[in-house]
Amino acid sequence: MSAPVILITGGSRGIGAGTAKLAARKGYDVALSYVRDQQGAENVAAEIRATGRRAAAIRADVGVEADIVKLFAEVDAQLGTLDVLVVNSGVNGKPYRLAEAPAAQIREVIDVNVTGAMLCAREGVRRMSTRNGGKGGSIVLVSSRVVDYGAPGEFVWYAASKAAINAFCLGLAREVGREGIRVNAVSPGPIDTEMLDAGRRAAVKEVVPLARIGTPEEVGEAILFLASPAASYCTGANLAVSGGR
């Protein structure tokens, strides 16, 4: 019996890389996308292959529709039928108050975090939907607990982009639920990735009830739970992985 196939966008580092390696240990063949960090992506792919699972590292900018279409075509060709899609790619840009924020940075965040996420999900639905001849599947969107904080003075556009993902999760779950597709989200809090700057790291013990930073693998466990048959009656759910924050 062939292994299930999972695609993780933004899989060269951070939450994406942690989830990709964990997925391989749980028996998935793994495709992961990257934009710039080819070496990081290839290193993750090598670790996956070392477990005996297949891996494909594919360059794709999820802010560009043509790249997204090509990404999914490459997964089809290299690994076969897609079972799970993890929409993880995201950017936040440099911190600014909104009054000083460059339009180009705001536009990039929306293009990647919102439009790109929706187009990735579109390609997943086209393949998974029983309405389109697919066998069903699972989509997990990576949101953020920042939705409930707003990130004032730093990244209000990023918080807004993730609020859009929360609404999208609920709407898409209801749209495709009768087509064999479950759609859920995870909302990480402070996680040990390069997005977590020194100031936030220093504040973690004061603001997080569990008094520590989370790991990418802990988020990966939540993602893979939602993707798995163990969560077969979960759709439209949003699971906080935030140490209580």
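Throughout, read-outs are computed from the coordinates displayed, never taken from laboratory work. Being a predicted model, the structure only gives us computed values, none of them experimental. Neighbour counts run over all protein chains shown; Cβ positions are idealised from the backbone, glycine included.
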request  = May I ask you to derive the relative contact order of region 3-79, considering only C-alpha pairs under 8 Å and at least 6 residues apart, and to give it as an integer percent?
outcome  = 28
Virtual spin-label span in nm between ARG122 and GLU175, 7 Å along Cα→Cβ = 0.9
query = Counting only Cα, what are the radius of gyration and maximum Cα-Cα distance Dmax of the chain, in Å?
reply = 17.1, 56
key: Cut-off under 5 Å, modelled amide H: who pairs with ALA31 long-range   = ILE6, LEU7, ILE8, ALA56
query = What translational diffusion coefficient, in µm²/s and rounded to a whole number, does the Stokes-Einstein relation yield for region 136-193 at 20 °C and a viscosity of 1.002 mPa s, taking the hydrodynamic radius as the Kirkwood radius over Cα pairs?
reply = 175
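List the relative contact order of region 5-241 as a percent without decimals, with contacts defined as Cα pairs under 8 Å and 6+ residues apart.
Normalised by residue count, the contact order of region 5-241 is 20 percent.
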The chain, helix-only ellipticity at 222 nm - DSSP H runs n ≥ 4, -39,500 (n - 2.57), divided by all residues, nearest 500 = -13000 deg cm²/dmol
inquiry  = Distance between the C-alpha centers of region 216-245 and region 124-200? Whole Å please.
reply    = 11
query = If each of VAL69 and TYR149 carries a label point 7 Å out from its Cα toward its Cβ, how far apart are those two points in nm?
reply = 3.9
